[in-house]
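Engineer: Please read through the structure below; I'll follow up with questions.
Just so you know, all these numbers are worked out from the coordinates, no wet-lab data involved. The model shown is predicted, which means the values in this text are computed figures rather than measured ones. Cβ sites come from the backbone with ideal geometry, for glycine too, and all protein chains shown count toward neighbours.
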Amino acid sequence: MQCARTVFMALVFAGLLAAPLGAKPKVLLLIGGEIHDWKGVGDSVQKTLEASGLFEITRVENDLSFFTAEKLGAFNVVVFYWTLGTLTTEQRAGLLETVAAGKTHFVTFHSGADSFRGDPAYSAFVGGHFIGHPAYRQYEVSFTPVDHPITKGLGDRFFQTDEQYLLDYDPRVTVLAQGMHRGALMPSVWVKKWGQGRVFYTGMGHDSKACEAEVFKKIITRATAWAAGVEVPA
C-alpha cells in the first residue's frame with residue numbers, strides 16, 4: 001500500500017496525473033535576478049495571490065534549477081519576476097518544453113520581458129522583449145475590445161503609476177490593454193499560446209508600490225486563474 005502511494009505521489013510531482021479533484025491550483029512564485037526589488041515585488045504579489053484564496057503558493061528565490069520538467073510538472077502555473085540573468089540549455093528546454101506540453105503555464109510581468117536578455121527563444125516564448133522605458137510616472141492604460149476573462153468588466157481605461165515598459169513584441173499576441181506613450185499606444189497586457197500552454201505578460205509591476213494598485217492586483221490574480229484553467233474571479 002505504501003509502495004502504491006509512493007508511486008502515485010511521484011506521478012503527481014512529475015505532472016503525469018492531475019491534481020486531486022477540488023484541490024487548489026499549485027502556483028510556483030519564482031522571483032530573483034538583478035536590478036529590481038524582487039523581494040518587495042514578491043511579497044506584494046504573494047500577498048495578493050494568497051488573499052484571493054484560490055491558489056496554493058510555493059515561493060522560490062533566485063533558483064532557476066526549478067526549470068526542469070520534473071520540478072515544473074508539480075505546478076499548474078509559474079508566476080515569474082526576474083531581471084537579466086542567463087539560462088542554461090537544460091533550463092531553457094525545461095521551461096519551454098514543459099509549457100509547450102501543457103503540463104504547466106506561465107504568468108510573468110514587468111521585467112519578465114527583460115529576463116535572459118538576448119535569448120531569442122525565451123523572447124519568442126514570452127511574446128516580446130524590453131527595449132526601454134520612460135521615467136516612472138502616471139500613464140493611461142486602455143483596454144482593447146477583446147472579450148477576455150482577465151480584463152472583462154474592468155472598464156475602458158485606468159491610470160497606472162509605474163515604470164512603463166516599451167516593448168518589441170510579436171504582433172500575433174492577443175493584446176488586452178495598451179499604455180499611452182508620446183501619443184502612441186504600446187501593449188501593456190497580452191496573452192498567447194505556446195504549444196498547449198498558456199502564457200500571460202504585463203509590463204506593469206516595477207516595484208511593490210505599483211503592484212499594490214487595485215487594477216494590477218485584479219489582473220495578476222485573474223491571469224493566474226486563467227493560466228491555471230480555473231474559473232476567473234470577478
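Engineer: What whole number of Å gives the distance from the Cα centroid of segment 77-130 to the Cα centroid of segment 131-164?
Structural biologist: 22
Engineer: Here's something else I'd like to know. For segment 78-213, what does the relative contact order come out to in percent, with C-alpha contacts under 8 Å and a separation of six or more?
Structural biologist: That works out to 28 percent.
Engineer: Give me the compactness ratio for segment 143-234, meaning the Cα radius of gyration over 2.2 N^0.38 Å.
Structural biologist: 1.04
Engineer: Can you pick out the pairs among K26/K209; K24/K218; K47/K192 whose Cα atoms lie more than 20 Å from each other?
Structural biologist: From the list (K26/K209; K24/K218; K47/K192), the Cα-Cα distance tops 20 Å for K26/K209; K47/K192.
Engineer: Defining a contact as two alpha carbons under 8 Å apart and six or more residues distant in sequence, what relative contact order in percent does the chain show?
Structural biologist: Once divided by the residue count of the chain, the mean separation gives 20 percent.
Engineer: So for the pair Q138, E56, with labels modelled 7 Å out along Cα→Cβ, what separation do we get in nm?
Structural biologist: 4.3
Engineer: Another question, then. Beyond 32 Å, what share of the Cα-Cα pairs of segment 2-228 remains, rounded to the nearest whole percent?
Structural biologist: Distances greater than 32 Å cover 14 percent of the Cα pairs.
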